[in-house]
Every structure is written in structure tokens, then in C-alpha cells.
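Novice: Please find one structure pasted underneath; my questions will follow.
Values in this text are rule-based calculations from the coordinates and carry no lab data. Because the structure is a prediction, the values reported are computed rather than measured. All Cβ positions, even for glycine, are placed from backbone atoms using ideal geometry, and neighbour counts span all protein chains on display.
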């Protein structure tokens, strides 16, 4: 049961913490999974005992990435994430940010990529309010879904190759 309903997330996290396990939480779109994502999730998982990934729903992704995104559906993205060894649970959420989900789960450690700044993360304020900590994991240069989409568009515009 790696893919869980939002209604289950709080109880699962509480049970893990009651067992003495450190819960790590991160979130994102994870639209076209690439090596940068895999390294990031593995680094996040190493910070604690269990990793819960909040996955932006299709509606959520469209709200800030535009009508052309996501490329892959939320169900497909959740399935791929859940297949990764580093990921213990995946929970889909509709909100633009993970503030509400962080407040429900109350992870011991909240993780985001190094392209963010602590002061710009509303989730970090919530985590600090109950004594958790936020960790920024360095990003993998040149690895992003946007870069991959750009390469695909560039290749497609060149037309058939002989």
C-alpha cells in the first residue's frame, strides 16, 4: 500500500512516529521522472527512516505549470514514484502548495531541492512551528522535466532525420 489517500496520510505518519521512526516528507510534480529526481528522493530518504512523497495532482500542476502540463497523469506519476525503493508512500494532493499536507503529517524532516530558499517555503514555517526541520538537498545541474521537454520540442521542430 504505497499509494495512499490523503485521509490516510496523517494516521500513517503518526503510526510511524509512534514506532520511533523518523518521517521525512517531500513534495513535487515529478512529471517526467529523471536521474535528478531519483537522486533527490534517495538523498531525502537517507535523512530518516520513512519517506512520504506528496504528489501534486493534475489540477494542481496545471495551476502553476500551465495547460500543457503535466505530461503524465497523476496516477501514472504516483505509480512510478511508488516503484522507487527510496519511496515508502505517495499521497496525491490538490493544493498549490503542500502547506496543508505538511500540517497534517507533521514530518520530522521536510525536504526540498536546493533551488528553493527556506524563507520562500511556507511549509518550512509550519515545520519549524512544531519543532521539525527543513533540509534543502542540492539539485542535480541540468536535470529537470522542463529541460527534457525542451529537448523533445527542439528535436520535433527539426523534423524527420535521414
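Novice: Report the label-to-label distance for residue 85 and residue 67 in nanometres (one decimal), using points 7 Å from each Cα along the Cα→Cβ vector.
Specialist: My value for the distance between the label points is 4.3 nm.
Novice: Could I ask something else about it? To the nearest Å, what is the center-to-center distance of the stretch 84-121 and the stretch 1-66, using C-alpha atoms only?
Specialist: Each part reduced to its Cα centre gives a spacing of 6 Å.
Novice: How big is D, in µm² s⁻¹, for the chain by Stokes-Einstein at 20 °C and 1.002 mPa s if Rh is the Kirkwood radius over C-alpha pairs?
Specialist: Details: Rh = 16.3 Å.
Once the numbers are plugged in, D ends up at 131 µm²/s.
Novice: Across all directions of projection, what mean area in square nanometres is found for the Cα convex hull of the stretch 1-51? Walk me through the numbers before you get to the answer.
Specialist: Working: hull surface 15.9 nm².
Its average projected convex-hull area is 4.0 nm².
Novice: Sorted by packing (mean other beta-carbon atoms within 10 Å per residue), highest first, where do 47-56, 67-76, 109-118 land? Mind dumping the intermediate values first?
Specialist: Values: 47-56: 22.5, 67-76: 14.8, 109-118: 16.9.
By packing density, highest mean first, the sequence is 47-56, 109-118, 67-76.
Novice: Give the peptides 100-108, 78-86 in descending order of average Cβ contacts within 10 Å, highest first. Numbers along the way, then the final one.
Specialist: On the way: 100-108: 21.0, 78-86: 16.2.
In descending order of packing, they fall as 100-108, 78-86.
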